[in-house]
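First the structure, in the form of structure tokens, and then the observations on it.
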2 protein chains.
Amino acid sequence: MKISSRFSIAVHIVLTIAILGSKQKTTSDFLASCISVNPVVIRRILGQLKKADLVDVKAGEGGAFLIKNASTLTLFDIYQAVEVVEDISLFNSHKQPELKCPVDCSSCPRLTGSESEECLAQESCDDSSGESCCYIHNNIENHLFSAQKAMEDSLKETTIQKMILELSAL
Amino acid sequence: MKISSRFSIAVHIVLTIAILGSKQKTTSDFLASCISVNPVVIRRILGQLKKADLVDVKAGEGGAFLIKNASTLTLFDIYQAVEVVEDISLFNSHKQPELKCPVDCSSCPRLTGSESEECLAQESCDDSSGESCCYIHNNIENHLFSAQKAMEDSLKETTIQKMILELSAL
DNA sequence: TATTGTTGTAACTAATACAGTTACAACGAA
DNA sequence: TTCGTTGTAACTGTATTAGTTACAACAATA
């Protein structure tokens, strides 16, 4: 499974606008030919970037422009704008073993050697709360979310300006 | 877009085996009822974990056992076993703008203000190499790969033993 | 040996997501 | 008014996935 290519296309769009915007009208057709994707796809992504206030697009007139400064615009901004992950969860966790905690807890794992009869796989909770009922499940989600955070933190460190400088140095 | 739920199911499987394996025959049916997914899905994932030498599964007899010690078995091992990402790329990068570098480079972005006529979007390359031809594209991929690495490093830090200890402390 | 419970796997379905595409109304400038 | 462009809806084809049914292979055991 892979993450949508919207993200990498969006970054390519932003970089192209940042680099060429001042000397070239960056229409969806132009960007499409640069990046080799369909113009409608470009417009769809530009719409998302616009909605996130990262770029402005001139309807009728044509062309897109950066709103957010390249020195503060990070890959994380773009990542959020194109909704790479939904519900803030990169890892598509499976459903909770039980939507509502079963009373007898007969099928839930228990900790080996534990004196307690407390079931590891659940906690007392009311089903109205959005909270998870399974300890194991919760523990897994916490660690997966940490990993996602590490990825996002890496994206936050990369500004468009930094990338342009790297490209200039080639 | 989300990553396959195989990963979180696989982690749940491993944790359940690690915690209950010594006192309970962990058949695919048992695991399925614990985790609330289909037994065939469990068997498919167990097959991947077995292939990666993380667990052993007893055909006929029934039951699965950890091969790799919980203290050295990390979430990254499981992540690799279930092939969360293919071709080591989490981010589904769009295709190279051109499979083969065009001679005139007419549609490629050039750096603003650069004296050089060198095209940013490509480098001289032969199309037989698997190497990328587009500087911008390469630069994007490098940064996305760094982000992926950060996520994977986070997974490497989490052992199954650590998770079991966390669960015991509840 | 026959039975039983289980694994391994193939085949199919339904759901979901996505990029590509066509079409067209709305928009702004000349 | 014309022209180039954006914004968006609608549809297609492709790909992946979980769920499901079915069944052969396997091992223990009665």
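The values are calculated or read from the model by the stated rules, or taken from the named source; none is laboratory data. Keep in mind the model is a prediction, meaning the values are calculated, not measured. Because the Cβ atoms are built from the backbone with ideal geometry, glycine has one as well, and the counts that use them run over all protein chains shown.
At a glance:
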read-out: Residues (in contact with a Phe, Trp or Tyr (Cβ under 9 Å, 6 or more places away or on another chain) and facing another protein chain (nearest Cβ under 7 Å)) located in the range B:155-165; value: B:155, B:158
read-out: Of all residues in the range B:66-88 being surrounded by 13 or more Cβ atoms within 10 Å (Cβ to Cβ) and within 13 Å of DNA strand D (Cβ to nearest atom), the one that is modelled with the highest pLDDT; value: B:79
read-out: Residues within the range A:33-51 that are more than 10 Å from chain B (Cβ to nearest Cβ) and not charged (D, E, K, R), tallied; value: 9
read-out: Sole exception among (1) at pLDDT 90 or above; (2) under 20 Å from residue B:78 (Cβ atoms) for residue A:159, by number; value: (2)
read-out: Residue selected from the range B:33-64 under the condition among the small types (Gly, Ala, Ser) and over 13 Å from residue B:10 (Cα atoms), by the criterion nearest to DNA strand D (Cβ to nearest atom); value: B:60
read-out: Positions within the range B:44-75 being more than 9 Å from DNA strand C (Cβ to nearest atom) and small (Gly, Ala, Ser), in sequence order; value: B:52, B:70, B:71
read-out: Residue B:22 more than 19 Å from the chain's Cα centre (by Cα), farther than 14 Å from residue B:78 by Cβ and assigned to a loop (DSSP other than H, G, I, E, B); value: yes
read-out: Filter result for the condition that a residue is touching a helix residue (DSSP H, G or I) at 6+ places or on another chain (Cβ under 7 Å), without any contact (Cβ under 8 Å) to a residue 24 or more places away in the chain and of a type outside the set (Phe, Trp, Tyr), over A:16, A:74, A:26; value: A:16
read-out: Residue satisfying all of: in the range A:13-32; at pLDDT below 90 and either within 7 Å of chain B (Cβ to nearest Cβ) or more than 14 Å from DNA strand D (Cβ to nearest atom) (or both); surrounded by the most Cβ atoms within 10 Å (Cβ to Cβ) among these; value: A:19
